[in-house]
Amino acid sequence: MNPIKKIRPIVTLIAGIMIIKLASCTPETPTDLTKESIIPKPVSVTATGESFTVKEGTDIYVQGSTEELKQVGVYLAAILKPVTGFEIDVITESDIPPSGSIILTVQGAEGVTATEGYKLEITKKQITITAAAPAGAFMGVQTLRQLLPAAIEKGKKLEEPLKIATGTITDNPVYAYRGAMLDVSRHFFGVEDVKRFIGFLAAYKMNVLHLHLSDDQGWRIEIKSWPNLTTHGGSLEVGGGEGGFYTQEQYTDIVNYAKDRFVTIVPEIDMPGHTNAALSSYAELNIGGKATELYTGTEVGFSTLNTKSEVTYKFIDDVIRELAALTPGEYIHIGGDESHSTKKEDYIPFMNRVQDIVVAHGKKVLAWDEIALSTLKPGTIAQVWASEKNAALAVGQGAKILMSPAKRAYLDMQYDKDSPLGLHWAAYIEVDAGYTWDPATYIPGIGQENIIGIEAPLWSETVTNMEQIEFMVFPRLPGYAEIGWTAAADRNWEEYKVRLAKHGERFSAMDIYYYPSKLVPWPVAAE
Ligand code: NGO
């Protein structure tokens, strides 16, 4: 059961929003690499004043050939082939690359140490991406992609040759975890939508997609040992429309698609609250032993698993076992938020025991900040969304935290009071407010050494289709990517907004339906 993409355009809802069309003009040959609008901003860029041209005969040479690195070459070739019309082979033999080549190498990478770090050298004669690992080469390719004309994103043959300004870029991220979350429970999004979302993350060097797979309104991942979870618990969504779920095969397809783009999937099963879909599917999980009705509203905090019953732990063990087997990433997210119907004296032993289950299946625990009330196992991460007190409790236990403060990082918050979609219980988050904060100074007493990274969650109470996802995510997502990648000292809204504006053309070429915030100096629309 994989409902096709629902088409319910919000165009009518946002009347008055201008679709920006750019004037077509002959592109100038780029010669100043320092003038390019790269997001996230790299560590250093120096220019040498010339340009490289992709020509007939340009091939991609992969040196230090692991299969993974070769795949990065194949990925780059797939971008260049349709827009140039050239053959563009990926060559793994140790031949000396001729003039005009693009080289991806993990050899001689002494200066590049971070797994995702890279050095991109562009001369008139060749382009070389040097990295310590294939992940870094992939990040370098994303930078290269942004140095090419925005029109390449349409994937169609261009009349003009591809030219790139020469110089050197060295780069590596500040935080290892740079992610976004998609709530597929409140509204379900099919495999193709999730893949498109992963593509957005990869384009901005983000490396985690957290999937919120279960909540009161729907259970979205097939669990073979508890089949009603999806056949019954996955059948609806907020508003009463048809829900859906991923078969294990489809989930694996998503995991692999993400892996090819150096994005790790973090699956979340929310518990002990936010569990009505499970409670409705299996009577024995309820405190009174009676199954609940399916729920299609948007209230929170009314459901809880029976934390005193052994059946509950058997259920959780089965779910985590199946999910862990399908998930190559190191984390399983166990929710733990807003368990208002679970007594505190029951919540704490429950979270302790579920952490043990996750660890027993070879994974580390991620959970919302309330988990800090329990005893954190080594490696458990608290995802800070609401409570600075919980953040301090987690750090006090020696744990690291993941920064997702709702007031700054929630992608489901409205931009302003006129936004047609989204909530505003935490804040209105205009594009500048989403960008102008620093995870390492946000909570007094908690610094970079306590933080694994940043994640921007998109909850989907009000978001029903891909177009609406895009409207909430763009143009805020590149800002979160930059917060996670670029040092705070190198970030500045006045400078960033100009770079972001240049990406409007890229969003349009990617057919992304973005919010044209008045705070961003988008290029003037041409008739
Ligand atoms: C809260 C709540 C979610 C809502 C979201 C809406 C967390 C961690 N729990 O965030 O269930 O969907 O707000 O913004």
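The values are calculated or read from the model by the stated rules, or taken from the named source; none is laboratory data. From a predicted model like this one, the values you see are computed outputs, not experimental measurements. Methodologically, a virtual Cβ is constructed for each residue, glycine included, from the backbone with ideal geometry; neighbour enumeration extends over all protein chains shown.
General observations
- Matching residues in the range 387-427 - criterion: being among the aliphatic types (A, V, I, L, M) and more than 25 Å from Pro478 (Cβ to Cβ): Ala391, Ala392, Leu393, Ala394, Val395, Ala399
- Boolean, Gln383 is crowded, with 24+ Cβ neighbours inside 10 Å and either among the polar types (S, T, N, Q) or at pLDDT below 95 (or both): yes
- Taking the range 190-229 as the range and being over 30 Å from Thr143 (Cα atoms), surrounded by 23 or more Cβ atoms within 10 Å (Cβ to Cβ) and in contact (Cβ under 8 Å) with a residue 40 or more places away in the chain as the test, the residues that pass are Leu213, Ser214, Asp215, Asp216, Gln217, Gly218, Trp219, Ile221, Ile223, Leu229.
- Annotation: Lys156 fulfils all but one of (1) assigned to a loop (DSSP other than H, G, I, E, B); (2) at pLDDT 95 or above; (3) touching a Ser or Thr at 6+ places or on another chain (Cβ under 9 Å); the unmet one is (3).
Rundown of residues vs (1) at pLDDT below 95; (2) of a type in the set (Lys, Arg); (3) in contact with a strand residue (DSSP E or B) (Cβ under 7 Å, 6 or more places away or on another chain); (4) farther than 19 Å from Pro40 by Cβ, yes/no style:
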{"residue": "Lys124", "(1), (2), (3), (4)": "no, yes, yes, yes"}
{"residue": "Ala133", "(1), (2), (3), (4)": "no, no, no, no"}
{"residue": "Met139", "(1), (2), (3), (4)": "no, no, yes, no"}
{"residue": "Thr143", "(1), (2), (3), (4)": "no, no, yes, no"}
{"residue": "Leu147", "(1), (2), (3), (4)": "no, no, yes, no"}
{"residue": "Thr168", "(1), (2), (3), (4)": "no, no, yes, no"}
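- Number of positions in the range 240-278 that are part of a helix (DSSP H, G or I) and away from the ligand (no atom under 16 Å from the Cβ): 14
- Tally, over the range 418-435, of residues that are surrounded by fewer than 20 Cβ atoms within 10 Å (Cβ to Cβ), more than 16 Å from the ligand (Cβ to nearest atom) and not in a loop (DSSP other than H, G, I, E, B): 1
- One residue stands out in the range 211-239 among those that are assigned to a loop (DSSP other than H, G, I, E, B) and closer than 21 Å to Glu192 by Cβ: the one that is farthest from the chain's Cα centre (by Cα), namely Ser235.
- Odd one out for Thr486 among (1) of a type in the set (S, T, N, Q); (2) within 16 Å of the ligand (Cβ to nearest atom); (3) within 28 Å of Ala151 (Cβ to Cβ): (2)
- Tally of residues being in contact with a helix residue (DSSP H, G or I) (Cβ under 7 Å, 6 or more places away or on another chain) and buried (at least 19 other Cβ atoms within 10 Å of the Cβ) across the range 395-412: 8
- Any hit, the range 436-445, residues being more than 15 Å from the ligand (Cβ to nearest atom), aromatic (Phe, Trp, Tyr) and either in a loop (DSSP other than H, G, I, E, B) or within 25 Å of Pro173 (Cβ to Cβ) (or both): yes
- Any hit, the range 458-475, residues being under 22 Å from Ile381 (Cα atoms) and either touching a residue at least 24 places away in the same chain (Cβ under 8 Å) or assigned to a loop (DSSP other than H, G, I, E, B) (or both): yes
- Scope the range 361-395; condition more than 15 Å from the ligand (Cβ to nearest atom), free of Cβ contacts under 8 Å to residues at least 24 places away in the same chain and of a type in the set (Gly, Ala, Ser); matching residues: Gly379
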